[in-house]
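Let me begin by presenting the structure, written as C-alpha cells, before commenting on it.
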Amino acid sequence: MNKQVKLILLSYIFFSLSCGIFYNFQELWMASNGLSLKTIGIVYSLCALLSVSIIFLFSNLIGQEKLKDFTCLLLVLKFCTLFLLFILNNSNNLFLIKFIVMIDYVLKVVVSACIYPLLSIFDKSDKLFAAKTLIYSWLYYLGIFFTSFLLGKTLGNVKIEYNSFCLIGAILITISFLILRNVKIDKKTRNKIDNNVMFKITNKIKNDKITLNYLGYLFTNEIAYSCVTRLIITIFVTTMGFSDIQASNLNLALCVLSAFLGTIILAKFTMKNNYINFAIKYFGRCLFYFLAFLFGTKLFMLIATIYTMILSDSYVNVTDAPYVNRFSKEEQLAFSNLKEMISYIAVAIGMLICSITLQFNFKYNFLVATIFIVIATLFGFNAIRLHNIEKENEK
C-alpha cells in the first residue's frame, strides 16, 4: 500500500474515532441543553440540507491540487466547533448552540466526502472504497465503546459527562490534522480545478442509465435508513424504554457486529452473483419494516432496527463501489460530491420524517421506510442488471 494512502487512512482513523466519541451522545447532549426532540430533528435536517449546499460550493472551487490543504483547513475548523460546544454547555445560548452544531455537522460531512477522492489520487479500487467505509465504522464504534465505558465515571476530580466528549473529540481531531498535513501529493498527480466540474459531471450522467439507477437507489435507500436509524439513541430511549447507557451499549453491540460482518463478508463471503448479495441485504429490510408497521410493537420495531444495523456495513463493495469507480480519477471528486449531496438531501427527509413520527406513533415511520426501501430495491436490482450488461459488452 502506498505510504501516502497509509497516512490518509491513519488520519481518517483518528477522525472517525473522534466522530464516534462525540456523536454517540450528541442528541442527548443537545437535549440536556434545553433543545426539544422536535427541534433536534429539525436541526439535523437543516444540517443535512446545509451540507448539500456546502458540498456543491466546494465542488466548484476545490480541485485535487488543493484537496489536502482544504481538508486540513476543515479539520482545524472542526476542532474550533467542538471546543466552542464544550464551552457553550449549559450556557442557555440555544441559538448559538444550534448554529455551531450545524456548522460542525457540515464539517464532518465534507471531510468524509474528501477522503476517498484524496485516496483515489494514489489508488482506486472497490476494496479500498469498502476498506475506507469499514475503517470509519470500526473506529466510530470504538468511540461509542469509549463513551459508554467512560460516561458517569470519575477520573481524578473530573466526572465524565456528555460535554467531556466534546473536548476529547477536539483532541483527536487535532491528531488527525497533524497526520494529514504530512501527506505529500506529487505535482504530476495533481489536476487543476475546473470551475464547471459539477455541471459537467451532471450533464455526463443524464443519459447514463447505470448511474441514474444507482443514484435513485442511493436516494430512496438513504431516506429509509435515516427514518429508522439516524436518531437511534433517541429512538431507543424515548420509544423503546432503554436508559441512555443501555441504549448506547445496544448501539455499540449492533455497530460492532455490523463492522465485523462487513469485514468478514468483504473478505470471504461476497458471492459472485451480485443479485444474491443485494437480496440478502435488502429483502430482509422490506419484510421486517412491513412487519414493524403491521404489528406496531416494540419487539418488531426492535427486530427491524437490529436487522438494518447489523448489515449496514456489508456489501458496500457491491452496492456502491462499482458505480463510484466507473468514473475516472479526474471525475472522482465531482461524482463523490454529487453522491454526497443526493445522500444528504435524503438524510434530511428521513430525519424529518423520524422526528415527526416520534411525536405521534413511531410505527408509521416503518410504513414510510417500507415504501422507500421497496423502491430502492427496484432501483438497485436494475443498476446491477445494467452494470452486468456493460461488463459483458466490454469483454
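Just so you know, all these numbers are worked out from the coordinates, no wet-lab data involved. On a predicted model such as this, the values are computed, not experimentally measured, just so you know. Cβ sites come from the backbone with ideal geometry, for glycine too, and all protein chains shown count toward neighbours.
A few remarks follow.
- In this Cβ point-charge picture (+1 for Lys and Arg, -1 for Asp and Glu), the chain has a dipole of about 640 debye about its Cα centre.
- Across the options ILE276, ILE306, ALA346, the greatest Cα extent toward the positive end of the charge dipole of the chain (unit charges at beta carbon of Lys, Arg, Asp, Glu) belongs to ILE276.
- Whole-number percent relative contact order across the stretch 26-156, with pairs defined as alpha carbons under 8 Å at least 6 apart: 31 percent
- In Å, descending, principal axis extents of the Cα set of the chain: 62, 51, 37
- Where only DSSP H runs of four or more residues are counted, the chain gives -26500 deg cm²/dmol as its mean residue ellipticity at 222 nm, each run worth -39500 (n - 2.57).
- Prolate/oblate/rounded call for the stretch 209-330, Cα gyration tensor, a/c under 1.5 rounded: prolate
- In a fully extended conformation the segment linking ASN90 and LYS272 would gain 60.1 nm over its present Cα-Cα distance, using 0.36 nm per residue.
- Simple Cβ-charge dipole of the stretch 1-129, Lys/Arg +1 and Asp/Glu -1, about Cα centre, in debye nearest 20: 120 debye
- The simple Förster model, with R0 at 30 Å and r as the Cβ-Cβ distance, assigns LYS159 and LEU257 a FRET efficiency of 0.45.
- Once you reduce the stretch 33-52 and the stretch 308-331 to the center of their Cα atoms, the two points are 27 Å from each other.
- Largest mean-square fluctuation among TYR136, TYR275, TYR12, in a Gaussian network model of the chain whose springs join Cα atoms under 10 Å apart, belongs to TYR275.
- Links that overshoot a 31 Å alpha carbon limit, given the list LYS108/LYS159; LYS127/LYS159; LYS132/LYS200: LYS127/LYS159
- Mean separation of Cα contacts under 8 Å (6+ apart) over length of the chain, as relative contact order %: 30 percent
- Normalising the average separation of contacting C-alpha pairs (under 8 angstrom, six or more residues apart) by the number of residues puts the relative contact order of the stretch 69-114 at 57 percent.
- Here the gap between LYS204 and PHE99, fully extended at 0.36 nm per residue and compared with their Cα-Cα distance, gives a gain of 34.2 nm.
- Helices in the chain that qualify as membrane-span-like (whole DSSP H runs, Cα extent of at least 15 Å along the helix axis, mean Kyte-Doolittle hydropathy of -1.0 or higher) are 3-23, 37-59, 64-88, 94-120, 126-150, 164-180, 209-229, 244-264, 274-295, 298-310, 329-357, 363-394.
- All distinct Cα pairs of the stretch 117-262 go into the 1/r average, and the inverse of that average, the Kirkwood radius, is 19.4 Å.
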